[in-house]
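Enquirer: First the structure, which I've put down as structure tokens, then a few questions once you've had a look.
Nothing in this text is a laboratory measurement; each read-out follows from the coordinates by a stated rule. Given the structure is predicted, the values throughout are model-derived calculations rather than measurements. As a convention, Cβ positions derive from the backbone with ideal geometry for all residues, glycine included, and neighbour counts pool all protein chains shown.
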Amino acid sequence: MKVVILAGGFGTRITEESQFVPKPMIELGGMPILWHIMKQYGYYGFNEFIICAGYKQHVIKEYFADYFLHTSDITYDFTHGRNEMIVHHNSSESWKVTVVDTGLNTMTGGRIRRVKDYIGNEPFMLTYGDGVSDINIAELFRYHQSHGRMVTMSAYNVGQRFGVLDIGEDGSISEFREKTEGDGSMINIGFMVCQPEFIDYIKGDSSVLEREPLEQVAHEGQLMAYRHEGFWQCMDTVREKERLEKLWASGKPPWKVWA
């Protein structure tokens, strides 16, 4: 199963860093937050990724083009007229990564539609490229398989500014809407599982994932919530980045499920 990661936005709330690189490439503990997200999926056996790039997309492509060098010890031997590279202690991941330029101004839904041919006619994982969590991906996938609906969205109870979910006792989402002041409802944190037909609800580049497509499948009773009660944090601002850096420096960051 492929994992689609939305990584094309401008990162307007963290411009101190995103003016140089795409937000998913901002480093956390010396590695891009995108790497942290991929490591989590890889831990649960999901190793094929489709990166929906846009803003400064070349940075993401160049990072993976040189990933083998980034993660290995290298000797460059120029003696005796040779130009030889010797690799020591290769620790690269068993990942297959497709980076797609989905456009500079394309909306979140449009980016998914643009990678439809890479996904194929099969279910796929979907998440944002700026948030880390200790969510159990395998359990999420099993839950999606158990209810037979079109989309499963991970839900988290936190007082923030994101779109909120009205969830029934059976886990079905009856409404997906923007947060109102004082609203204590659960929020969408990404980490979704989608059937391939969900892409047909996305009409074009101007389609915002969190609006018409998800609102429509919710209206049809095809959107389910996977309730996550562990750790989740997005990296939308400098303050949030600093919090995550402190957690990483502690040696026990809650999202680090891999060895």
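Enquirer: Please work out the Cα center distance from region 220-242 to region 32-65, rounded to the nearest Å.
Expert: Cα centroid of region 220-242 versus Cα centroid of region 32-65: 18 Å apart.
Enquirer: Here's another thing I want to ask about it. Using a Gaussian network for the chain with springs between C-alpha atoms less than 10 Å apart, which of these wobbles most: Y76, Y67, Y156?
Expert: Ranking Y76, Y67, Y156 by mean-square fluctuation puts Y76 first.
Enquirer: Give me the percent relative contact order of the chain, please, defined on Cα pairs under 8 angstrom at least 6 residues apart.
Expert: Computed value for the chain: 24 percent relative contact order.
Enquirer: Next up: To the nearest 10 degrees, how steeply does helix 137-147 sit against the main Cα axis of the chain, on a 0 to 90 scale?
Expert: 30 degrees
Enquirer: Calculated from the structure, Rg and Dmax of the Cα atoms in Å equals which of (1) 26.2, 109; (2) 19.1, 73; (3) 20.8, 64?
Expert: (2)
Enquirer: Turning to a different aspect of this structure: How much net charge surrounds G103 when only other residues with a Cβ under 12 Å from its Cβ are counted (Lys, Arg +1; Asp, Glu -1)?
Expert: Net charge around G103: +1.
Enquirer: For the chain, with only Lys/Arg (+1) and Asp/Glu (-1) charged at the beta-carbon, what is the dipole magnitude about the Cα centre, in debye rounded to 20?
Expert: 260 debye
Enquirer: Just to verify a number: FRET efficiency for S206 and T71, C-beta to C-beta distance, R0 = 51 Å, to 0.05?
Expert: 0.85
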